[in-house]
Amino acid sequence: MTVSEIRVRALVGDRCRGQLLVGPAVIPCALGAGGIVSDKREGDGGSPRGRFRLRGGAYRPDHLGPRPRTALPLRATRPGDGWCDDRRDRRYNRPIRLPAPGVSAEAMWRDDGLYDVVIDLDYNRAPIRKGRGSAIFLHIARDGYRPTEGCVALARADLLRLLGRLGPRTRLRIG
């Protein structure tokens, strides 16, 4: 059964770490180095405050195997997949094919495993406002829940377990 809302709150005394609340379950998470911010800007390291739709996402099949079970639309990533974070480019805050000479973009096919599963939060997507932040995802956390660039990150096992409870009507509330 899918949940209608999951919430993220920062830990008292540590703005870079938080808790994701799913019903009675409390799951540790990493937040952006800038904490939860109300006025998100590209490169500020903040996780945007707000309530966001889960647009779907991607998984890395060579690291995970079969498609994870979820009601969200998921596609398999490929080595040339990227996400444009260049506010000068018309593809800002959208998927992009790499290499993209002269354009700043984040590789979605990563060796560190952070994007083995990634869910696109509906932040700055309709309309897209240049410079207001891009590539805000729910993804796998670094060891020790080190800060993200603005995303919300969970341990791999927690994110894979959570996926089974997420669907197109689920909203993520940050802050």
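The values are calculated or read from the model by the stated rules, or taken from the named source; none is laboratory data. Being a predicted model, the structure only gives us computed values, none of them experimental. As a convention, Cβ positions derive from the backbone with ideal geometry for all residues, glycine included, and neighbour counts pool all protein chains shown. We work out accessible area using only protein heavy atoms, side chains counted, and drop any ligands, DNA or RNA first. Shrake-Rupley method; radii C 1.70, N 1.55, O 1.52, S 1.80 Å.
Below is a table of values for the structure above.
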read-out	value
Residue count, segment 1-42 (criterion: over 19 Å from Ala157 (Cβ atoms) and at pLDDT below 95)	2
So Ala33, is it in contact with a Cys (Cβ under 7 Å, 6 or more places away or on another chain), surrounded by fewer than 18 Cβ atoms within 10 Å (Cβ to Cβ) and among the hydrophobic types (A, V, I, L, M, F, W, C)	yes
Subset of segment 64-123 (residues that are in contact with a Gly (Cβ under 8 Å, 6 or more places away or on another chain), under 19 Å from Gly45 (Cα atoms) and basic (Lys, Arg))	Arg87
Residue check, Gly45 open to solvent by less than 40 Å² (accessible area, probe 1.4 Å), part of a loop (DSSP other than H, G, I, E, B) and in contact with a strand residue (DSSP E or B) (Cβ under 6 Å, 6 or more places away or on another chain)	yes
Residue within segment 146-168 that is among the charged types (D, E, K, R), in a strand (DSSP E or B) and free of Cβ contacts under 8 Å to residues at least 60 places away in the same chain present	no
Candidates Tyr145, Tyr115 - the one that is closer than 15 Å to Trp83 by Cβ and among the hydroxyl-bearing types (Ser, Thr, Tyr)	Tyr115
Conditions (1) among the aromatic types (Phe, Trp, Tyr); (2) open to solvent by less than 30 Å² (accessible area, probe 1.4 Å); (3) more than 30 Å from Val26 (Cβ to Cβ); number of the one not met by Trp109	(2)
Selection status of Leu114, crowded, with 22+ Cβ neighbours inside 10 Å and either part of a loop (DSSP other than H, G, I, E, B) or not charged (D, E, K, R) (or both)	no
Residues (basic (Lys, Arg) and either closer than 26 Å to Arg9 by Cβ or open to solvent by less than 80 Å² (accessible area, probe 1.4 Å) (or both)) located in segment 48-74	Arg49, Arg51, Arg53, Arg55, Arg60
Segment 75-91: number of residues that are open to solvent by less than 40 Å² (accessible area, probe 1.4 Å) and touching a Lys or Arg at 6+ places or on another chain (Cβ under 6 Å)	3
